[in-house]
Amino acid sequence: MDQTEVPKLRCQRIGCDATFTEDNNPDGSCTYHDSGPFFHDGMKEWSCCKKRSHDFSLFLEIPGCKTGKHTTEKPVLAKATPTPTPKNPFSPPTAAPATNSSSKESCPRCKQGFFCSDHGSQAQPKAAPAKSCASAPAKKVVDINQPQTCKNQGCGQTFKEKDNHETACNYHPGPAVFHDRMRGWKCCDIHVKEFDEFMSVPPCSKGWHDADPAS
């Protein structure tokens, strides 16, 4: 007897984007953000859990702070409010205690670089210049059958290296632009007001999936 494969649905909660079926959707299987993000002065923040990042890719990787069931209905996000920044009263820098520079300059021990108990001077050895020996990190070896998550902006799909090719990935080369309450992609010049609309902007480029773009 042939078994018909149950079509999988895409969860619409912000921060989830997983696939599921109606008969396999237990409570707690979905991890998501229940209120929208807040953008200000280059900072991106989830108003529900106050997690923040300057980098948009890292911001999208911040795990959800709520759990529940997957849903195909787009949730109504709570109004995003920024985390208030405490204003510390201005405290002027503490002035360094005045020293008798004239007597220090005329002191024979200070002039020769020896320790002087009267003026607190002590010879300071010159630090050797740091040698720059940074080398490029080795490329990670991955099993061609190992499932990986693409980190290209706008993709996020799970893939196997054996199925990867030059048009497998649909993504935004970016960068993401946030300005005057508008969200958009510079690569395809599309700008919208709502965050869920921004997340739904279709990718404009094709290429290889990349699970480790930093390497």
Note to self: For a quick check of your reading of the model, give me the residue pairs whose first member lies in the stretch 55-72 and is modelled with pLDDT of 85 or more and among the β-branched types (Val, Ile, Thr), whose second is part of a loop (DSSP other than H, G, I, E, B) and open to solvent by 30 Å² or more (accessible area, probe 1.4 Å), with beta-carbon atoms closer than 7 Å and at least 6 apart or on different chains.
What the structure shows: 62/51; 67/28; 71/12; 71/13; 72/12
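So that you can scan it fast, the table gives a plain yes or no per residue for (1) in a loop (DSSP other than H, G, I, E, B); (2) free of Cβ contacts under 8 Å to residues at least 40 places away in the same chain; (3) acidic (Asp, Glu):
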{"position": "5", "(1), (2), (3)": "yes, yes, yes"}
{"position": "13", "(1), (2), (3)": "yes, no, no"}
{"position": "17", "(1), (2), (3)": "yes, no, yes"}
{"position": "28", "(1), (2), (3)": "yes, no, no"}
{"position": "39", "(1), (2), (3)": "no, no, no"}
{"position": "45", "(1), (2), (3)": "no, yes, yes"}
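Conditions tested, residue by residue: (1) polar (S, T, N, Q); (2) crowded, with 18+ Cβ neighbours inside 10 Å; (3) in a loop (DSSP other than H, G, I, E, B); (4) outside the structural domain of residue 14 (by the TED database).
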| site | (1), (2), (3), (4) |
| --- | --- |
| 152 | yes, yes, yes, yes |
| 155 | no, yes, yes, yes |
| 170 | yes, no, no, yes |
| 183 | no, yes, no, yes |
| 198 | no, yes, no, yes |
| 202 | no, no, yes, yes |
| 212 | no, no, yes, yes |
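Please go through the stretch 13-35 and pick out each residue that is surrounded by 18 or more Cβ atoms within 10 Å (Cβ to Cβ) and either among the β-branched types (Val, Ile, Thr) or farther than 21 Å from residue 174 by Cβ (or both). So that I can check it myself, show each step before the final result.
Going through the stretch 13-35, the residues surrounded by 18 or more Cβ atoms within 10 Å (Cβ to Cβ) turn out to be 13-16, 20, 30, 32-35.
Correct list: 13, 14, 16, 20, 30, 32, 33, 34, 35.
Let's see how each residue does on (1) touching a strand residue (DSSP E or B) at 6+ places or on another chain (Cβ under 6 Å); (2) at pLDDT 85 or above; (3) not hydrophobic (A, V, I, L, M, F, W, C):
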site: 3; (1), (2), (3): no, no, yes
site: 6; (1), (2), (3): yes, no, no
site: 18; (1), (2), (3): no, yes, no
site: 24; (1), (2), (3): no, yes, yes
site: 28; (1), (2), (3): yes, yes, yes
site: 32; (1), (2), (3): yes, yes, yes
site: 36; (1), (2), (3): no, no, yes
site: 40; (1), (2), (3): no, no, yes
site: 45; (1), (2), (3): yes, yes, yes
Checklist line | One residue from 162, 193 being among the basic types (Lys, Arg), modelled with pLDDT of 80 or more, under 26 Å from residue 75 (Cα atoms) and open to solvent by 50 Å² or more (accessible area, probe 1.4 Å) | finding: 193
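The values are calculated or read from the model by the stated rules, or taken from the named source; none is laboratory data. As the structure is a prediction and not an experimental result, all values here were calculated from the model. Neighbour counts run over all protein chains shown; Cβ positions are idealised from the backbone, glycine included. Note: areas computed on protein heavy atoms with side chains; ligands, DNA, RNA excluded. Shrake-Rupley method; radii C 1.70, N 1.55, O 1.52, S 1.80 Å.
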